[in-house]
Amino acid sequence: MNPVKGNWWPVVDATELGRKPISRVRFGERLVFWRAGDTAVCMRDRCPHRGAALSLGSVQGDSIACPFHGLEFGVDGRCTRVPVEQNFAIPDELCVATIPVREADGYLWIWRGPQPTGEYPAVPQHPDTLPMRHGDAATLWNAHYTRCIENVCDFSHLPFVHKTTIGRFKKGWQTAIEMEDVPGGFRAHLMQDGKPHQSLEFLYPNRWLLRLAPRFMFGLVFVPVDDSHTYVYGRSWYRLPVPGINWLMDFYTRFSQYLVFREDWPIVASQIPGDVLTASEEKLLPSDAPVIAYRKLHRAHYSR
Ligand code: FES
Ligand SMILES: [Fe+2]
């Protein structure tokens, strides 16, 4: 997948990473995530000796050991041990490419793009969601991540694709949308009687949020797996007056996502082309304003 200009991308739910290394395909590449103590590490999941998956190995102190011949690699990717050789000077080339990683807001974030000249920027967050409890669910979409993002920024598909669920009472509506810039992204307000009826927020590169009520928000993180697969982490943030029924919200997050997204899946997977960067022939409508705003952001961030 083409690199974008430098951005932090949330790509893994941090709770997936325990003591054992985990392998995840992200941006078309197999990566291994592991922890050296409390610090998360991300590397290419491919041993430089003979290509085995390091994720099948184990963490030994501050190193990861390959399962094939036991070579060990430190957090900087350098080989620290070759157990089957005696008197062997480890060459610098015997190393694994590492990817900068941060842990924030319950996700592991990786840096994509050229290294910044100074410090890495801070990881962007939706600040008002942080103190809230959340229920999580994840789904795999068979489409390019840009198409998946556009789908959730598109109000006007609701009465057609979701006619029996979230678009049920929207038959025959006219879509009036007002756009607002926010740092790192935009808000799109669906207007009714001159007031915002529903508002969504998108933060580049891959976070989306729907503010349903002051105590209830629904967020999605769109994680590129490869050119035709996107892993979507869904999260409901809520403050419930009755703490004991949190499990109900967790269940709601999973169930509602499945119910609604299964209606989107075949349509989004059918869109040609996949990556919207190459969709220059499409004839967009005024009601596509959030899609247009996303494409503008996306083009501005892309390395050419
Ligand atoms: S392939 Fe990893 S040690 Fe040989
Ligand atoms: Fe949809």
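None of the figures in this text is laboratory data; all of them are computed from the coordinates on show. Here the structure is a predicted model, which means the values were calculated and not measured. Cβ: placed from backbone, ideal geometry, glycine included. Neighbour counts: every protein chain shown.
Restricting region 273-303 to residues that are under 20 Å from the mean Cα position of the chain (by Cα) and over 17 Å from residue 179 (Cβ atoms), the residue that is surrounded by the fewest Cβ atoms within 10 Å (Cβ to Cβ) is 303. Pick from region 59-98 the residues that are polar (S, T, N, Q) and surrounded by 15 or more Cβ atoms within 10 Å (Cβ to Cβ): which of them is farthest from ligand 1 (Cβ to nearest atom)? Per the stated criteria, the residue is 98.
Here residue 114 passes the criteria (1) outside any loop (DSSP other than H, G, I, E, B); (2) loosely packed, with under 14 Cβ neighbours inside 10 Å except the one numbered (1). Scanning region 165-202 for residues that are without any contact (Cβ under 8 Å) to a residue 24 or more places away in the chain and β-branched (Val, Ile, Thr) yields a single hit, 182.
Within region 141-195, restricting attention to residues that are of a type in the set (Lys, Arg) and in a strand (DSSP E or B), the residue that is surrounded by the most Cβ atoms within 10 Å (Cβ to Cβ) is 187.
Note on region 40-72: residues that are free of Cβ contacts under 8 Å to residues at least 40 places away in the same chain and part of a strand (DSSP E or B) total 5. Kindly evaluate residue 207 against the criterion of being touching a residue at least 24 places away in the same chain (Cβ under 8 Å) and surrounded by fewer than 13 Cβ atoms within 10 Å (Cβ to Cβ). Here the answer is no, as residue 207 does not meet what is asked.
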